[in-house]
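Note sheet for the following structure.
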Amino acid sequence: IGGLCGSSVNFHAADGSGYEFLADVVIQLDDLNGQVASRMVSAFTRWKKYEPTRSAAMKAQLERILAKPGLSENVFEIVSKSLD
């Protein structure tokens, strides 16, 4: 998963599929280990630095993660600070 985040071809795919995949993984992993999930979600923290289409797709995934019921404190902290 970490390799995906470093791949401009896969993670930053124009259709947003890389962002959606990582968000799915973070949401699932959050129930098992919030600390690891929070490290993975940090790939989204620079969403404002990308061009508008990718930036909007990354923000949408952060909002989807934030809406997860029972979100761990670790992930909540990273996501909410990223969206501010």
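Against the condition assigned to a helix (DSSP H, G or I) and surrounded by fewer than 17 Cβ atoms within 10 Å (Cβ to Cβ), how does ALA56 come out, does it pass? Yes: the conditions hold for ALA56.
Somewhere in the stretch 11-19, is a residue part of a helix (DSSP H, G or I) and of a type in the set (A, V, I, L, M, F, W, C)? No, there is no match, as no residue in the stretch 11-19 is part of a helix (DSSP H, G or I) and of a type in the set (A, V, I, L, M, F, W, C). Within the stretch 57-84, the set of residues being charged (D, E, K, R) and more than 21 Å from ALA14 (Cα to Cα) comprises LYS68, GLU73, GLU77, LYS81, ASP84. Regarding MET40, is this residue buried (at least 20 other Cβ atoms within 10 Å of the Cβ) and closer than 11 Å to ILE78 by Cα? Against the criterion (buried (at least 20 other Cβ atoms within 10 Å of the Cβ) and closer than 11 Å to ILE78 by Cα), MET40 qualifies.
Filtered by the rule that a residue be crowded, with 19+ Cβ neighbours inside 10 Å and in contact (Cβ under 8 Å) with a residue 40 or more places away in the chain, the stretch 13-33 gives TYR19, ALA23, VAL26, ASP30. Counting only residues that are under 17 Å from GLU20 (Cβ atoms), surrounded by 15 or more Cβ atoms within 10 Å (Cβ to Cβ) and among the small types (Gly, Ala, Ser), the stretch 61-84 holds 1 of them.
Where a number appears in this text, it was derived from the coordinates with a stated rule and is not lab data. Note that this is a predicted model, so its numbers are computed, not measured. Cβ: placed from backbone, ideal geometry, glycine included. Neighbour counts: every protein chain shown.
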